[in-house]
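Read through the structure below, which is laid out as structure tokens, and then see the notes.
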Amino acid sequence: MKVLLINGSRRSKGCTFTALSEIEKELNKRDIETEIYNAGYKVFKGEVDLAVQEATEIIKGVDGIVIGSPVYYASPTGEILMFLDRLFWSAEDYLRFKPAATIASARRAGTTATLDVLNKYPLYAQMPLVASRYWNMVHGGKPEDVLRDSEGLQIMRTLGKNMAWVLKSIEAGKNAGVEQPVAEDKVFTNFIR
């Protein structure tokens, strides 16, 4: 089993990476392979098409996804939003039914608004959302601060444990003959006729 952890930050080793790394440790302890992909930095450099292509190839071989973003102006970064808009439009068939989680990293505030926006992407693609024991957030202005956020770190560890449990439960269900749902063709209704 494998989980892709998507970093929406412009910084490869900042606070969001630190939070994702905490989740990664828990997944690895449970024999789940991981990969952290820094989409935010690539999009910031103007490589959105490349980032979407690379991530799509990785997604084809993973069982779950965690999307992380720092908070900029009380919402996710513009980079992660651009990336997710394009990724979920083009790779939805590879994302559907894979468990997902979202996390936010902030110095102070805007985390719940950020999580609200990020959670809409997996919900659109019929991806079961994995939760922790509280909102999936950490606080700190730099990685060292995040490492002192004991509650935030516990939330990330719990999220990693819960993601592993969901993935293994799905695998056990498949082994027992429980079939994955078949996605229906989408019906679009216009509100103005």
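The values are calculated or read from the model by the stated rules, or taken from the named source; none is laboratory data. Just so you know, these numbers come straight off a predicted model, no measurement behind them. With ideal geometry, Cβ positions are generated from the backbone for all residues, glycine too; neighbour counts draw on all protein chains shown. Note: areas computed on protein heavy atoms with side chains; ligands, DNA, RNA excluded. Shrake-Rupley method; radii C 1.70, N 1.55, O 1.52, S 1.80 Å.
For the reader, a short list of remarks on this structure follows.
- Selection within the range 87-136 - at positive phi and of a type in the set (A, V, I, L, M, F, W, C): Phe97
- Pairs with Cβ under 8 Å, 6+ apart, first in the range 169-188 and closer than 23 Å to Glu92 by Cβ, second of a type in the set (Lys, Arg) and surrounded by 10 or more Cβ atoms within 10 Å (Cβ to Cβ): Gln180/Lys174; Ala183/Arg96
- Counting only residues that are open to solvent by less than 10 Å² (accessible area, probe 1.4 Å) and out of contact with any Phe, Trp or Tyr (no Cβ under 7 Å at 6 or more places or on another chain), the range 98-129 holds 11 of them.
- Matching entry among Val52, Val62 (being among the hydrophobic types (A, V, I, L, M, F, W, C), assigned to a helix (DSSP H, G or I), out of contact with any Asp or Glu (no Cβ under 6 Å at 6 or more places or on another chain) and in contact (Cβ under 8 Å) with a residue 12 or more places away in the chain): Val52
- Filtered residues of the range 82-97 (kept if surrounded by 23 or more Cβ atoms within 10 Å (Cβ to Cβ) and touching a Phe, Trp or Tyr at 6+ places or on another chain (Cβ under 7 Å)): Leu84
- Considered as a group, the residues in the range 1-26 that are in contact with an Asp or Glu (Cβ under 9 Å, 6 or more places away or on another chain) and open to solvent by 60 Å² or more (accessible area, probe 1.4 Å) include one that is farthest from Leu81 (Cα to Cα), and that residue is Met1.
- Inside the range 27-45, residues that are under 20 Å from Gly152 (Cβ atoms), open to solvent by 10 Å² or more (accessible area, probe 1.4 Å) and not in a strand (DSSP E or B) make up a count of 2.
- Test result for Tyr121, at pLDDT 95 or above and more than 14 Å from the chain's Cα centre (by Cα): no
- Condition broken by Ser12, with the remaining ones in (1) at pLDDT below 95; (2) touching a Ser or Thr at 6+ places or on another chain (Cβ under 7 Å); (3) of a type outside the set (Val, Ile, Thr) satisfied: (2)
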